[in-house]
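Only one structure is covered here, and it is reproduced in the block below.
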Amino acid sequence: MALCLFAPNYLSMLKNLKIGTKFSFLLSVVFIISITVSGGALSVILQQMAQNEVASEAKILIQTINSVRDYTQEHINPLLTPRLDTQSAFIPEIVPAFSATEVLTNLRKNPEYKNFLYKEATLNPTNLRDQADVFEAKLVERFRNDSKTKEITGFRTIAQSKVFYIARPLAITQQSCLRCHSTPEQAPKSQLATYGTKNGFGWKLNDIITAQVISVPSEDVFDIAHKNWSLFMGLLIVIFFIVILFINFFIKKSVIHRINKIQKIAQEVSIGNMSANFEDKSHDEIGSLAIAFNRMKYSLEIALKLLKEQEN
């Protein structure tokens, strides 16, 4: 109701404005709408590009980690497995998860990668450093409840920093793995001596027991995207402002100034100054209007002469 009452008043006020003011108002509205739409679209695009960049880094890293796991499983494991029963301490290098974690730990010594994280989050791990936290436990449960889900991605906060994570399920696919994880009686003595008999048992073939989680920092990438957005928007505002000034100047010069000139001459003619001419050398609509006014002035002069002759 209020909007309906406001609209006629608004239109009435707009009608009473001068042409120059109307054009300025219209250009300002176009400017605001254009900046808002452009800024929103650009923000979405830059945010998506930043997310794609972070996701690309995470996927490269997780593929590298999986290559380390495969190498450990295929080459290191066969060499060290016979020594499990002869060594007094367990050889952790035989475990693909241990090798992958150690490789990333060494990578994190480089300051450029210090905030990159990797964890094979397990509900019942042999090594307690792989124990899943509440968030990671939910990922494992999601993989268990939906076997079609092969990857989960998103953002989470770790140590007050926003990170992008990729989580993939890991299942027991080889019977040989169950020697260390089925029952304590079947496990190597070196494993029991190192890790005890309480953790890492009861696993079954083809069960999903781990969520492979890689986390990469995202704040820097999104900060860069935000700075690029601010820079581009500042440049866009300057360009729009210059264009609006140019259009406004052009309209005043080529339209409003000429119309004002015709208006002044029309006032002169209206008070009887027939020597004033509507001069406009342009061949556009305003030029045609000036020619039409001149013809009207000549017709008025003829009509006035005829009227005077009749009076005489």
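Values in this text are rule-based calculations from the coordinates and carry no lab data. Given the structure is predicted, the values throughout are model-derived calculations rather than measurements. Positions of Cβ are generated from backbone atoms using ideal geometry, with glycine treated the same way; all protein chains shown enter the neighbour counts.
Panel order for 163, 30, by other beta carbons found within 10 Å of each beta carbon, from fewest to most: 30, 163. Set Lys and Arg Cβ to +1 and Asp and Glu Cβ to -1, take the dipole of the chain about its Cα centre, and tell me which of 41, 117, 180 lies farthest positive. Result: 41, furthest along the dipole toward the positive end. Basic side chains Lys and Arg get +1 at the Cβ, acidic Asp and Glu get -1 at the Cβ, and with that the dipole of segment 42-225 about its Cα centre reaches some 380 debye. From least to most packed, judged by other beta carbons within 10 angstrom and beginning with the fewest, 156, 258 follow the order 156, 258. Under 30 Å Cα to Cα from residue 264, which lysines show up? Leave out anything in the same chain fewer than 8 places away. Straight-line reach from residue 264, under 30 Å: 15, 18, 22, 252, 253, 281, 297, 305, 308. Taking other Cβ atoms within 10 Å as a rough exposure proxy, 95, 29 sort from fewest to most as 29, 95. Shown here are the Rg and Dmax of the Cα trace of the chain, at 40.0, 142 Å. In segment 42-225, Rg over Rh equals 1.01, where Rg is the alpha-carbon radius of gyration and Rh the Kirkwood radius from pairwise Cα distances. The DSSP beta bridges internal to segment 42-225 are antiparallel in roughly 95% of cases. Overall shape of segment 154-202 was characterised from the C-alpha gyration tensor. The equivalent ellipsoid obtained from it has semi-axes of 33, 16, 7 Å, in decreasing order.
Segment 96-155 and segment 226-256 have Cα centres spaced 51 Å apart.
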